[in-house]
Amino acid sequence: MTVRCPCGTGLVLDECCGRYLTGGAAPAPTAEALMRSRYTAFVVGDVAHLLATWHPDTRPPSLELDAGTRWLGLDVLDVVAGGPLAAAGEVEFRASHVHGGRRGAQHERSRFSRVGGRWHYLDGVALP
Ligand SMILES: [Zn+2]
């Protein structure tokens, strides 16, 4: 059975973010790919991937996902730098969800930084 990747590329999971999740084949090559894989990690509950790709300076000691949140989809709105040869990048996105029967969205501009050759989520600014 093929599962469509939750991040919205239209690809199947194993050919999209699945490659970068825990136990995957390789680190994400770009800031956008990492951002997408982190969204997918929220959807599938891959806490280990979220922590492993969090910048050491801002990584929380642990992370518990809210089981009451159901993620509906991801829109990548803007990408600045963050390419395969870059050291830093930014991705603006909107992630839609349902929580307690109410629809909402997380709109954020995230900063990514490469540490030890791998992209990491540094921090983000919430947008209205
Ligand atoms: Zn994906």
Legend entry - Paramagnetic label zone (point 7 Å from Cα along Cα-to-C-beta, Val115; backbone N under 20 Å) in region 56-90: 56-65, 82-90
Legend entry - Protein accessible area in region 32-128, 1.4 Å probe - carbon and sulfur %: 52 percent
Legend entry - Cα-based equivalent ellipsoid, region 65-128: semi-axes from gyration tensor eigenvalues, Å: 27, 13, 9
Inset, instruction - Provide the gained length on full extension for the span Val3 to Ala81, in nm with one decimal, where the gain is 0.36 nm per separating residue minus the Cα-Cα distance. - result: 25.1 nm
Inset, instruction - Please turn the phi angles of region 77-91 into ³J(HN,Hα) values with the Karplus equation 6.51 cos²θ - 1.76 cosθ + 1.60 (θ = phi - 60°), one per residue in order, whole Hz, x for glycine and proline. - result: 9, 7, 9, 10, 6, x, x, x, 10, 7, 9, 8, x, 10, 9
Inset, instruction - Skip the ligands, DNA and RNA, and give the accessible area per residue of the chain with a 1.4 Å probe, whole Å². - result: 56 Å²
Legend entry - Simple spin-label estimate for His107 and Thr22 in nanometres, 7 Å along Cα-Cβ: 3.3 nm
Legend entry - Cut-off 11 Å between beta-carbons: net charge of the residues surrounding Ser37, Lys and Arg +1, Asp and Glu -1: +1
Inset, instruction - Would you kindly derive the ³J(HN,Hα) couplings of region 102-115 from the backbone phi angles with the Karplus curve 6.51 cos²θ - 1.76 cosθ + 1.60 (θ = phi - 60°), listing them in order in whole Hz, with x for Gly and Pro? - result: 10, 7, x, 8, 9, 10, 8, 10, 9, 10, 10, 9, 8, 10
Legend entry - Stokes-Einstein translational diffusion, region 53-93 - Kirkwood Rh over all Cα pairs, 1.567 mPa s, 4 °C, in µm²/s: 98 µm²/s
Legend entry - Fraction of the pair-distance distribution of the chain above 23 Å, Cα-Cα pairs, percent: 26 percent
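If I stretch the segment between Ala88 and Ala126 completely, what's the gain in nm (0.36 nm per residue apart, minus their alpha carbon distance), one decimal? Kindly include the intermediate steps, with their values, before the conclusion.
Values: separation 38, 0.36 × 38 = 13.68 nm, distance 1.88 nm.
Result: 11.8 nm gained on full extension.
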Legend entry - Long-range HN-HN contacts of Asp123 with modeled amide H, under 5 Å: Arg111
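The values are calculated or read from the model by the stated rules, or taken from the named source; none is laboratory data. Values in this document were obtained by computation on a predicted structure and should not be read as measured data. Every residue, glycine as well, gets a Cβ built from its backbone with ideal geometry; the counts of neighbours run over all protein chains shown. All accessible areas refer to the heavy atoms of the entire protein, side chains included, with ligands and DNA or RNA removed. Shrake-Rupley method; radii C 1.70, N 1.55, O 1.52, S 1.80 Å.
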